[in-house]
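Shown next, in structure tokens, is the structure this report addresses.
The values are calculated or read from the model by the stated rules, or taken from the named source; none is laboratory data. What you see is a predicted model; the values in this text were computed from it and never measured. Cβ: placed from backbone, ideal geometry, glycine included. Neighbour counts: every protein chain shown. These accessible areas exclude ligands, DNA and RNA; they are computed on the full protein's heavy atoms, side chains included. Shrake-Rupley method; radii C 1.70, N 1.55, O 1.52, S 1.80 Å.
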Amino acid sequence: MKIIKFEDKYSNSLSQMISDTIFEINIKDYPLEDMKCLAESYSSENIVNISNSSNMYIAINNSEILGCGAVKKDKDNAVVLAIFVNKNHLNKNIGRKIMDIIENDEISKNSNKIIVPASITAAPFYERLGYKYKGNKKVLYNDDIYYMEKSQYL
Ligand SMILES: CC(=O)SCCNC(=O)CCNC(=O)[C@H](O)C(C)(C)COP(=O)(O)OP(=O)(O)OC[C@H]1O[C@@H](n2cnc3c(N)ncnc32)[C@H](O)[C@@H]1OP(=O)(O)O
């Protein structure tokens, strides 16, 4: 497996991988209607748009997409986006390896904090990686996400 910068040619297969993960994994924590909206937000067109305003990576083995993730600048902070691991390859440290690349990306390196709008599904994963709940309070915003963060200087 290698982790490479996203290119537009991967947008269709990446969109499919994300959709498969959403409807098999995230669906356990969220209503179906919300997951339909989430999957639509990762259409191939939207993925290209996201990649144009972030540094986006994919994990790939031969031609199979195993995961993805992105980071974008927001004022003094780095915001993590679109972390998804292929539903058939969970718990193999792929998410951790993608987050390693994200944390070493120039955007993260040049930011005060790395902020993660974390899904209910992924919050324990980010805890494992050392992320703390904003204000040390586990608050679910809009029944949807937790804000988690890691300071570069801790
Ligand atoms: C900003 C955002 O993008 S939020 C959206 C996040 N993405 C999703 O919700 C999509 C659905 N989920 C996924 O794609 C995956 O489950 C991810 C990305 C959360 C985790 O990816 P994986 O590759 O399976 O995790 P990985 O194998 O790297 O696990 C790293 C560590 O986290 C732990 N971990 C991973 N998932 C979980 C979990 N659901 N609960 C508890 N611990 C977990 C692992 O046990 C491992 O711990 P270790 O230090 O003991 O080895």
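Please determine, by comparing only the residues of the range 102-154 that are among the aromatic types (Phe, Trp, Tyr) and in a loop (DSSP other than H, G, I, E, B), which one is modelled with the lowest pLDDT.
Top of the filtered list is TYR153.
Taking the residues in the range 73-88 that are more than 10 Å from the chain's Cα centre (by Cα) and surrounded by 19 or more Cβ atoms within 10 Å (Cβ to Cβ) as candidates, determine which candidate is farthest from ASN110 (Cα to Cα).
The selected residue is ASN86.
Just one of the numbered conditions (1) within 23 Å of LYS75 (Cα to Cα); (2) surrounded by 16 or more Cβ atoms within 10 Å (Cβ to Cβ); (3) within 14 Å of the ligand (Cβ to nearest atom) is not true of TYR141; which one?
Going through the list (1) within 23 Å of LYS75 (Cα to Cα); (2) surrounded by 16 or more Cβ atoms within 10 Å (Cβ to Cβ); (3) within 14 Å of the ligand (Cβ to nearest atom), TYR141 breaks only (2).
Name, by its number, the condition in (1) polar (S, T, N, Q); (2) open to solvent by less than 40 Å² (accessible area, probe 1.4 Å); (3) modelled with pLDDT under 95 that does not hold for SER63.
Evaluating SER63 over (1) polar (S, T, N, Q); (2) open to solvent by less than 40 Å² (accessible area, probe 1.4 Å); (3) modelled with pLDDT under 95 leaves (2) as the failure.
Restricting to the range 8-34, what's the tally of residues that are crowded, with 19+ Cβ neighbours inside 10 Å and within 18 Å of ASN142 (Cα to Cα)?
1
Give me the residue from the range 98-114 that is aliphatic (A, V, I, L, M) and more than 9 Å from the ligand (Cβ to nearest atom) and, out of that set, nearest to LEU140 (Cα to Cα).
Among residues in the range 98-114 that are aliphatic (A, V, I, L, M) and more than 9 Å from the ligand (Cβ to nearest atom), the one nearest to LEU140 (Cα to Cα) is ILE114.
Between a first residue in the range 69-96 that is of a type in the set (Val, Ile, Thr) and a second residue that is more than 6 Å from the ligand (Cβ to nearest atom) and part of a loop (DSSP other than H, G, I, E, B), which pairs have beta carbons less than 8 Å apart while being 6 or more apart in sequence or on different chains?
Sorted first by the residue in the range 69-96, then by its partner, the pairs are VAL71/SER54; VAL71/ASP105; ILE94/MET1; ILE94/ASN86.
With respect to GLY95, is the statement that it is modelled with pLDDT under 95, open to solvent by less than 80 Å² (accessible area, probe 1.4 Å) and not in a loop (DSSP other than H, G, I, E, B) true?
Criteria not met by GLY95.
Being out of contact with any Phe, Trp or Tyr (no Cβ under 7 Å at 6 or more places or on another chain) and either open to solvent by less than 70 Å² (accessible area, probe 1.4 Å) or more than 14 Å from ILE3 (Cβ to Cβ) (or both) is the filter here; which residues of the range 103-119 pass it?
Matches in the range 103-119: GLU103, ASP105, GLU106, ILE107, SER108, LYS109, ASN110, SER111, ASN112, LYS113, ILE114, SER119.
Return the residues of the range 120-132 that are under 23 Å from ILE22 (Cα atoms) and either of a type in the set (A, V, I, L, M, F, W, C) or open to solvent by 30 Å² or more (accessible area, probe 1.4 Å) (or both); say none if nothing qualifies.
Once the filter is applied, which keeps residues that are under 23 Å from ILE22 (Cα atoms) and either of a type in the set (A, V, I, L, M, F, W, C) or open to solvent by 30 Å² or more (accessible area, probe 1.4 Å) (or both), the range 120-132 yields ILE120, THR121, ALA122, ALA123, PRO124, PHE125, GLU127, ARG128, LEU129.
Under 8 Å between Cβ atoms, at least 6 apart or on separate chains: pull out the pairs that start in the range 1-13 with a residue that is outside any strand (DSSP E or B) and end on any residue that is loosely packed, with under 14 Cβ neighbours inside 10 Å.
Note: pairs meeting the criteria are MET1/ASN61; SER11/GLU45; SER13/SER63.
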